[in-house]
Each structure stands twice: as C-alpha cells, then as structure tokens.
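Take a look at the structure below.
The values are calculated or read from the model by the stated rules, or taken from the named source; none is laboratory data. Values in this document were obtained by computation on a predicted structure and should not be read as measured data. Glycine gets a Cβ as well: all are built from the backbone with ideal geometry, and neighbour counts include every protein chain shown.
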Amino acid sequence: METKLIKVDNGNMLTAAREAAELLNGGSVVAIPTETVYGLAASIYSEEALREVYAVKGRPQDNPVIVHISDESMLDGIVTEIPEDARILAEHFWPGPLTMIFRKTDRVSDTITCGLDSVAVRFPSHPVAHAVMEAAGVPLAAPSANLSGKPSPTTAEHCVHDLWGKVPLILDGGQCDVGVESTVVSVLGDHPVILRPGIISLEEIRKYLPSAEVSEAVTRKVSDDEKVASPGLKYKHYSPDCKVILVKGSLDSFSRYVAGQRKEGDWAMCFSGEEDHIPLSCLTYGTEGDAESQAHSIFAVLRELDQLGAKRVFVRAPEEDGRSMAVSNRLMRAAGFEEVLL
Ligand code: TXA
Ligand code: MG
C-alpha cells in the first residue's frame with residue numbers, strides 16, 4: 001500500500017482533515033496526532049477499518065481500544081449513562097489527556113470493546129485530532145499508532161517507522177506535547193479507579209473526587225490468564241529491542257553500579273546535566289524531578305536506543321508518585337517489572 005504523509009499546519013488543516021475524513025468514512029485507517037501520542041484511527045462504524053486497526057498493529061484481540069470524540073454530545077449514542085463522577089472529571093479535564101470507562105450502548109461494536117460491556121472514551125484537545133473528527137462527523141476508535149508492544153509514537157517519524165506501507169495516510173502534527181498516553185479512569189464503580197496512570201495524576205483527580213484510587217494492577221506484573229479491569233495491563237509494553245534495566249538510587253551509586261556492569265552495547269538513560277558523571281554513552285530524558293519533561297521525551301529516547309543499536313540500557317529511575325507515576329509505570333513495564341535497588 002502507498003502511504004501519504006501530510007505535514008499539517010494552520011493553513012492546510014481543513015483540507016488535510018477532509019482528506020483524512022474521506023478515507024475514514026470509506027473504511028480506511030489513518031494515523032493522526034493527539035496531545036498525548038499519535039493514534040491509529042478508524043470510524044467506530046466501520047467494522048472493516050476496526051479490524052484493520054488490530055491487524056496493522058498486531059494487537060491482541062482481547063485488548064480494547066479507546067473511542068475519541070470531539071464534542072461531549074457525541075457520548076449520547078455511545079454510553080448508556082454519564083455517572084456524576086464522569087461529569088465532574090469531564091468538566092475539569094476534557095478536552096485533554098483523560099480517558100474514562102463507561103457502560104456501552106449496543107451501537108458500540110464488540111470489535112472496539114473486545115466483548116466487554118464497557119467502553120473507553122476520550123475527548124482529545126489536539127487541533128488536528130479535533131479537525132479530523134469534525135470533518136468525519138463520527139467518533140474515532142484509536143489505539144496508539146505503534147506496532148503492538150513497541151513504545152508509543154510521539155512524532156510522525158515514529159509512525160512512518162512503524163506504519164509505512166501499511167496505512168494510506170499519516171498526518172504529521174509535530175511532536176506530541178504530553179508524550180505518554182492518557183490517564184485511564186473507570187467511573188463505573190462507587191469510587192473512581194485509575195487503570196493507567198497518565199500526566200493527569202491521582203492527586204489532581206483527588207482534588208475533585210477525593211475517593212479516587214489507583215488500581216493495584218498498575219504497579220505489579222499481571223499474569224496472562226488473570227482477569228483484570230483493563231486488559232492492556234496484561235501485555236508487555238513500551239519495549240525497545242534492547243534490554244531495559246531500571247536502576248533506583250543516587251546519581252553517584254548509579255554511576256558506580258554501571259561502571260561495574262558495563263559491556264559493549266550498553267547505554268545509560270539519565271536526566272539532563274548528568275551525562276558527565278556517568279561512565280557510559282548517555283541519552284537524557286528530561287530533568288530530574290520534572291515529570292512533564294520526562295514524559296515528553298521518554299518514548300522518543302527508547303526508540304532512539306534501538307536506532308543506535310543499543311543492547312542494554314541502564315535507566316535512572318524517576319520518582320514514583322504524583323505525575324511521575326506515569327513515567328515510572330512506563331519504565332517498569334519496559335523493564336518487565338524488574339528493578340535494581342541500590
Ligand atoms: O492517550 C491515549 O490514550 C492514546 C491516544 C491515541 O488517544 N491512546 C491509547 O490507546 O493509548 P491504547 O489502545 O494504546 O490504550 C488503550 C488502553 C488499553 O490499556 C486498554 O486495555 C484500555 O485503554 N481500555 C480500552 N477499553 C477499555 C475498557 N472498556 N475497559 C478497561 N480498559 C480499557
Ligand atoms: Mg498503546
């Protein structure tokens with residue numbers, strides 16, 4: 001298949017959105033930017049395109065995808081009710097990097113939800129995602145636009161790398177602002193539960209809904225046959241080809257540790273300004289203690305390590321609470337939940 005790449009700016013946004021909408025309404029998939037990561041979009045009403053999303057990504061058939069809307073009124077045909085908790089979170093965090101799990105209507109295909117009776121919905125804030133949905137006039141089902149298991153794409157180049165020749169169109173909206181996927185919150189129970197940490201933290205959600213909690217499945221390895229609230233938690237994620245070794249300790253102890261371990265093909269992932277202290281080639285991912293800057297570059301750096309042919313990467317562990325939970329969680333998964341404690 002021939003893939004077209006369109007760089008989108010304010011001048012051509014409408015024409016690019018129309019071109020994408022035509023493909024989407026014709027049953028094709030299109031890669032589009034959002035403020036979190038790029039998504040591989042399909043009309044929720046095209047079974048053919050929905051199946052293509054799973055096929056192109058190599059995504060397991062039991063991992064449901066998120067439905068994206070460009071207006072809260074689009075919830076109408078999709079969810080059976082809007083719980084009070086959801087109204088409150090929508091008021092504060094939509095449009096933005098928050099996904100909520102609702103009870104679904106019959107109009108939502110089992111291909112989207114993998115047979116669950118719930119559906120994940122997000123209202124993204126990215127102008128290109130918004131323009132595409134407005135032009136298409138339908139909600140879009142979209143998982144992250146990476147091949148399954150690989151780090152999510154935060155630039156159009158990442159989409160080109162994973163999807164060239166497999167999709168008809170990639171819209172280039174530049175680098176994603178947030179850099180990690182949305183916070184996923186279930187609003188189905190008597191209190192909200194975070195199923196996937198994102199840049200909207202537990203603390204921010206608790207400001208409005210004090211009973212919110214993080215699912216215990218977020219912070220541990222889930223076995224293949226276990227039934228969990230969010231099927232995505234089961235799968236190994238975000239893994240570059242190189243082995244990721246997450247190391248927790250001070251900069252000094254990290255440097256001593258890698259000095260004792262180093263072999264050919266080893267790299268370090270550290271915070272900016274630390275490179276000179278570490279006896280390995282380093283890539284930096286943001287600033288120590290600054291979750292936003294870390295989230296912004298983490299996936300690009302994991303991808304770059306593969307480009308560089310790294311065999312192993314020793315990673316300076318970020319903090320685990322607040323907004324950093326999003327970053328720490330992605331690295332724990334990339335490392336297969338193994339951590340070196342110094
Ligand atoms: O920021 C994002 O959320 C990006 C952009 C493109 O919007 N999308 C994204 O989609 O990260 P994906 O498919 O890579 O991750 C969707 C997550 C998975 O962990 C999946 O298991 C969970 O949402 N999910 C989807 N439907 C669900 C449901 N009905 N109940 C529980 N979890 C669900
Ligand atoms: Mg994904």
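The strands (runs of 3 or more DSSP E) falling completely within segment 12-84 that include 3 or more residues that are within 25 Å of Ala300 (Cβ to Cβ) map to 30-32, 39-43. Comparison of Ala229, Ala310 shows that the only residue that is outside the structural domain of His158 (by TED's automatic domain parsing), under 29 Å from Ser186 (Cβ atoms) and either surrounded by 14 or more Cβ atoms within 10 Å (Cβ to Cβ) or of a type outside the set (Phe, Trp, Tyr) (or both) is Ala229.
Scan segment 170-186 for residues that are more than 11 Å from ligand 1 (Cβ to nearest atom) and among the hydrophobic types (A, V, I, L, M, F, W, C) and jot them down.
Residues of segment 170-186 that are more than 11 Å from ligand 1 (Cβ to nearest atom), as a first pass: 170-175, 177.
Passing the criteria: Ile170, Leu171.
Restricting attention to segment 85-99, the residues that are touching a helix residue (DSSP H, G or I) at 6+ places or on another chain (Cβ under 8 Å) and assigned to a strand (DSSP E or B) total 1. Evaluation of Val222 against the conditions (1) in contact (Cβ under 8 Å) with a residue 24 or more places away in the chain; (2) of a type outside the set (Lys, Arg); (3) within 12 Å of ligand 1 (Cβ to nearest atom); (4) surrounded by fewer than 19 Cβ atoms within 10 Å (Cβ to Cβ) shows that the sole unmet condition is (1). Just to be sure before I move on: is Gly174 surrounded by fewer than 19 Cβ atoms within 10 Å (Cβ to Cβ), over 24 Å from Gly11 (Cα atoms) and in contact (Cβ under 8 Å) with a residue 24 or more places away in the chain in the structure I sent? Considered against the rule, which asks whether it is surrounded by fewer than 19 Cβ atoms within 10 Å (Cβ to Cβ), over 24 Å from Gly11 (Cα atoms) and in contact (Cβ under 8 Å) with a residue 24 or more places away in the chain, Gly174 comes out as no.
Scan segment 261-270 and give yes if some residue there is at pLDDT 95 or above, buried (at least 22 other Cβ atoms within 10 Å of the Cβ) and outside any strand (DSSP E or B), otherwise no. Scanning segment 261-270 turns up no residue that is at pLDDT 95 or above, buried (at least 22 other Cβ atoms within 10 Å of the Cβ) and outside any strand (DSSP E or B).
Yes/no matrix, rows are residues, columns are (1) closer than 18 Å to Phe123 by Cβ; (2) touching an Asp or Glu at 6+ places or on another chain (Cβ under 6 Å):
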residue: Ala17; (1), (2): yes, no
residue: Leu23; (1), (2): no, no
residue: Gly27; (1), (2): no, yes
residue: Pro33; (1), (2): yes, no
residue: Tyr45; (1), (2): no, no
residue: Glu48; (1), (2): no, no
residue: Arg59; (1), (2): no, no
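Each row is one residue, and each column tells you yes or no for (1) hydroxyl-bearing (Ser, Thr, Tyr); (2) closer than 16 Å to Val184 by Cα; (3) outside the structural domain of Gly198 (by TED's automatic domain parsing).
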site: Leu40; (1), (2), (3): no, no, no
site: Tyr45; (1), (2), (3): yes, no, no
site: Leu50; (1), (2), (3): no, no, no
site: Val56; (1), (2), (3): no, no, no
site: Gln61; (1), (2), (3): no, no, no
site: Ser73; (1), (2), (3): yes, no, no
site: Glu84; (1), (2), (3): no, no, no
site: His92; (1), (2), (3): no, yes, no
site: Pro97; (1), (2), (3): no, yes, no
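Residues that are part of a strand (DSSP E or B) and either of a type in the set (Phe, Trp, Tyr) or away from ligand 2 (no atom under 16 Å from the Cβ) (or both) were ranked within segment 162-201; the one that is farthest from Val65 (Cα to Cα) is Asp172.
Considering only residues that are surrounded by fewer than 20 Cβ atoms within 10 Å (Cβ to Cβ) and either among the β-branched types (Val, Ile, Thr) or under 21 Å from Gly179 (Cβ atoms) (or both), which ones fall in segment 113-124? Thr113 - this is the single residue of segment 113-124 that is surrounded by fewer than 20 Cβ atoms within 10 Å (Cβ to Cβ) and either among the β-branched types (Val, Ile, Thr) or under 21 Å from Gly179 (Cβ atoms) (or both). For segment 130-161, taking the residues that are more than 16 Å from ligand 2 (Cβ to nearest atom) and under 11 Å from Pro33 (Cβ atoms), the one that is surrounded by the fewest Cβ atoms within 10 Å (Cβ to Cβ) is identified as His130.
Going by what's in this entry, would Pro127 be described as in the same structural domain as Thr15 (by TED's automatic domain parsing) and surrounded by 17 or more Cβ atoms within 10 Å (Cβ to Cβ)?
On the way: in the same structural domain as Thr15 (by TED's automatic domain parsing): yes; surrounded by 17 or more Cβ atoms within 10 Å (Cβ to Cβ): no.
No, not satisfied.
Only one of the listed residues (Asp106, Asp110, Asp85, Asp62) is modelled with pLDDT under 95, acidic (Asp, Glu) and either surrounded by fewer than 18 Cβ atoms within 10 Å (Cβ to Cβ) or over 24 Å from Glu157 (Cβ atoms) (or both). That residue is Asp62. All of (1) in contact with a strand residue (DSSP E or B) (Cβ under 9 Å, 6 or more places away or on another chain); (2) part of a helix (DSSP H, G or I); (3) under 25 Å from Ala259 (Cβ atoms); (4) at pLDDT 95 or above hold for Met325 with one exception: (3).
Please determine, by comparing only the residues of segment 190-203 that are out of contact with any Pro (no Cβ under 8 Å at 6 or more places or on another chain) and over 16 Å from Ala86 (Cβ atoms), which one is surrounded by the fewest Cβ atoms within 10 Å (Cβ to Cβ).
Start the filter on segment 190-203 by keeping residues that are out of contact with any Pro (no Cβ under 8 Å at 6 or more places or on another chain), which leaves 190-197, 201-203.
Remaining after also requiring over 16 Å from Ala86 (Cβ atoms): 196-197, 201-203.
Working: Arg196: 23, Pro197: 26, Ser201: 20, Leu202: 18, Glu203: 12.
Looking at the filtered set, the residue picked out is Glu203.
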